[in-house]
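Some notes on the structure that comes next.
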Amino acid sequence: MTLRLRLTLFFSLFIAVILSAVAVSVYILTERSLNTTLEDRANQALSDLTRGVVPVPEGLQKLPGDAYYQIMVLGVAGRVPGNPGDIRNGIPYTPSLSSRSNPTGDSLVALLGDASLQQLIDTGYVSSSITLQNGEKLRVLGELGKLDRPAQQMSFEVAMFIGIPASTVARTLDQLARDLVLTVLLAFLAFAVGVWVLSGQILSPLKRVTEAAATVSGRDLSQRVPVPRSHDEIRELAVTINHMLDRLQESFETQRRFTADASHELRTPVTAIQGHASYLLRRTAPTNEQTDSLTVIRREAERMAKLVNDLLELARADAGFSIQREPTNLVEVLEAVHMEVAPVAGEAIIEVTAPTPVLEVLGDASRLKQVVLNLVQNALNAGARHVFINAAREKNDVRLEILDDGPGIPPEAIPHLFDRFYRVDGARSGRGNGSGLGLAIVRWIVQQHGGQVSVESRLTEGSVFTVLLPALQVRSSDAGATRVSGDGTRARATNPRVTKARE
């Protein structure tokens, strides 16, 4: 997950939580406000009716449109009800001039409990909740008062009740909830898009720094990351990376010069040691102990000479030297390797096969021979008894495989196999005197040819090194497979011939 996406998700979720909290608060406060407003309005209308401030028809018109009401006449003025039954047995009163009527025929007094009616008798006021027969909930407000009848010059004790449906507030709150949810969603999306765009602009200098840093490699440390004009942390990061690259480039240049100079200086004395040891073995009559010592000296001098040559090879690679390429028949390269390795391979069996006598690539024959020779010698040094070298055309590439039945390579070693000076611990390195530079040189040569090299291996089963090289058009080809015999002659056959190396 990218930093830009994480920032967008984090801030979007943060604003979503804030907006949701605000929406919930607005909903709760609005619910309280609506309930309080309706109850205050009903209380005011009820107070006006019970005190005779306004005529009954006019007072009822002030109630909400879906409100319920009920007026029970208890008797002449001064008669106070003694129990809930007196209220229930009262005479319902309906104003003759009122256009208001209850939405249903339910009696509010009949639905109120005795405790609520007793509270009305004791305090003169009651507030309670009931449920109508159709399931609707009402908030009932009741109050004792007087009803004046000027025409009859009489005054009556009455109990007035007003019922406010819960649906009045519920409808308003449902609409408010839908509006709040839509508002929160739109605000969340707008904020997320804004954060995405803004974070992209803020992180664009960091992206350019990252892309430039990715182009820096061990072969070319001259690249530098762009330094933004803004004076912020990204600018400091770019400047720090450039300073680090300056120090790395200086260290690498020092190391390269030292490697090249040391290799050149070592080549002459190593060659002299090797030559004198060979001279003493051939032209003098050393004792058996002296022969053993001179043999060890010559062998170690040869190993040291190979190490020096490898170091020089890598020094040229680090310095940016490229190889000269020309059309090369890879099959001939494989034949040359077989002729060189077979006489010294002991009991090992080496087999070379190709489906056609010509597999051309654009390359350096000596360098390609060095690649194949290095891979074959590694297999023999690891203890392989059979080494198979296969070459074939694969679409626009030539696929070269070196298979062996050696002890295999540990899985944890494969990612580091082509690193410089890396040697596998265990069986595969037990018989070799390598320096850990051969496969690094193999990779460099293959890359110089525009190809790739890879390895697959299983312990106790063997290894497969695969080299892919860009192919040239074959100028001539014959049917049948090309094989290499012990004397190096080339022949065509439908089945490969296995050659046992001469002792």
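The values are calculated or read from the model by the stated rules, or taken from the named source; none is laboratory data. Here the structure is a predicted model, which is why all the values come from computation and not from measurement. No Cβ is skipped: glycine too gets one built from the backbone with ideal geometry, and neighbour counts run over all protein chains shown. Quick note on the areas: whole protein, heavy atoms, side chains included, nothing else; ligands and nucleic acids left out. Shrake-Rupley method; radii C 1.70, N 1.55, O 1.52, S 1.80 Å.
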log₁₀ I(q)/I(0) of region 1-158 at q = 0.18 Å⁻¹, via Debye over equal Cα point scatterers, no solvent, to two decimals? -1.16
How far is helix 166-214 tilted off the main Cα axis of the chain, in degrees rounded to 10, range 0 to 90? 20 degrees
Picking from 275, 408, 329, whose Cα lies most toward the positive end of the charge dipole for region 266-415 (charges on Cβ: Lys, Arg +1; Asp, Glu -1)? 275
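Would you kindly give the portion of the calculated P(r) for region 1-83 that falls above 19 Å, as a percent of all Cα pairs? Numbers along the way, then the final one.
Details: 2206 of 3403 pairs.
Here the tail beyond 19 Å accounts for 65 percent of pairs.
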Ignoring ligands, DNA and RNA, please state the percent of accessible area on region 271-388 from carbon and sulfur, probe 1.4 Å. 54 percent
Between residue 324 and residue 349, what is the FRET efficiency for a Förster distance of 45 Å, r being their Cβ-Cβ separation, to the nearest 0.05? 0.80
Percent RCO, i.e. relative contact order, over the chain, from Cα pairs under 8 Å lying at least 6 residues apart: 11 percent
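Can you give the calculated 222 nm mean residue ellipticity of the chain, where each DSSP H run of n ≥ 4 adds -39,500 (n - 2.57) and the sum is split over every residue, rounded to the nearest 500 deg cm²/dmol?
Theoretical 222 nm ellipticity from helices: -17000 deg cm²/dmol.
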Viscosity 0.692 mPa s, temperature 37 °C: Stokes-Einstein D of region 294-418 from its Kirkwood Cα radius, in µm² per second? 199 µm²/s
To the nearest 20 debye, what is the magnitude of the charge dipole of region 93-202 about its Cα centre, counting +1 on the Cβ of each Lys and Arg and -1 on the Cβ of each Asp and Glu? 280 debye
Just name one of 370, 214, 386: the one whose Cα is farthest towards the positive end of the charge dipole of the chain (beta-carbon charges, Lys/Arg +1, Asp/Glu -1). 370
Backbone HN-Hα couplings from phi across region 368-385 [Karplus 6.51/-1.76/1.60, Hz, Gly and Pro as x]: 5, 5, 5, 4, 5, 4, 5, 5, 5, 5, 4, 5, 5, 5, 7, x, 5, 9
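Region 365-404: percent of C-alpha pairs farther apart than 14 Å? Write out the running numbers ahead of the final one.
Details: 402 of 780 pairs.
Taking all Cα-Cα pairs of region 365-404, the fraction more than 14 Å apart is 52 percent.
Provide the net charge surrounding residue 121, with neighbours chosen by a C-beta distance below 11 Å and charges set as Lys +1, Arg +1, Asp -1, Glu -1.
Result for the neighbourhood of residue 121: -3.
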Based on the Cβ-Cβ distance of residue 305 and residue 16, what FRET efficiency does E = 1/(1 + (r/R0)^6) give at R0 = 60 Å, to the nearest 0.05? 0.25
With everything on Cα atoms, drop me the angle between helix 114-123 and the longest principal axis of the chain, reported from 0 to 90° to the nearest 10. 60 degrees
In what sequence, highest mean first, do 185-195, 444-454 appear when ranked by Cβ atoms within 10 angstrom? 444-454, 185-195
Per-pair calculated FRET efficiency, R0 = 51 Å: residue 236 and residue 32 via Cβ, rounded to 0.05: 0.45
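What percentage of all Cα-Cα pairs in region 149-278 are separated by more than 27 Å?
On the way: 5556 of 8385 pairs.
Value for region 149-278: 66 percent of Cα pairs lie more than 27 Å apart.
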Treat every Asp and Glu Cβ in the chain as -1 and every Lys and Arg Cβ as +1, leave all other atoms uncharged, and give the resulting dipole magnitude about the Cα centre to the nearest 20 debye. 980 debye
May I ask you to list the GluC sites (Glu not before Pro) in region 340-392 that are in a DSSP loop and have at most 16 other Cβ atoms within 10 Å of their Cβ? 347
Where the chain is the region considered: accessible area per residue in Å², 1.4 Å probe: 56 Å²
Go through 436, 286, 200 and say which Cα lies farthest out towards the positive end of the charge dipole of the chain; charges sit on Cβ, +1 for Lys and Arg, -1 for Asp and Glu. 286
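Mind putting a number on the dipole of region 320-406 about its Cα centre? Charges go on the C-beta only, +1 for Lys and Arg and -1 for Asp and Glu, and I need it in Debye to the nearest 20.
On the way: 7 positive and 13 negative charges, 39 e Å.
In total the dipole reaches around 180 debye.
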Shape descriptors of the chain over alpha-carbon atoms, Rg and Dmax in angstrom, are 50.0, 160
Cα-based helix-to-principal-axis angle, 438-448 vs the chain, degrees rounded to 10: 80 degrees
Suppose the chain between residue 461 and residue 66 were pulled fully straight at 0.36 nm per residue; how much longer would it get relative to their current alpha carbon spacing? 133.3 nm
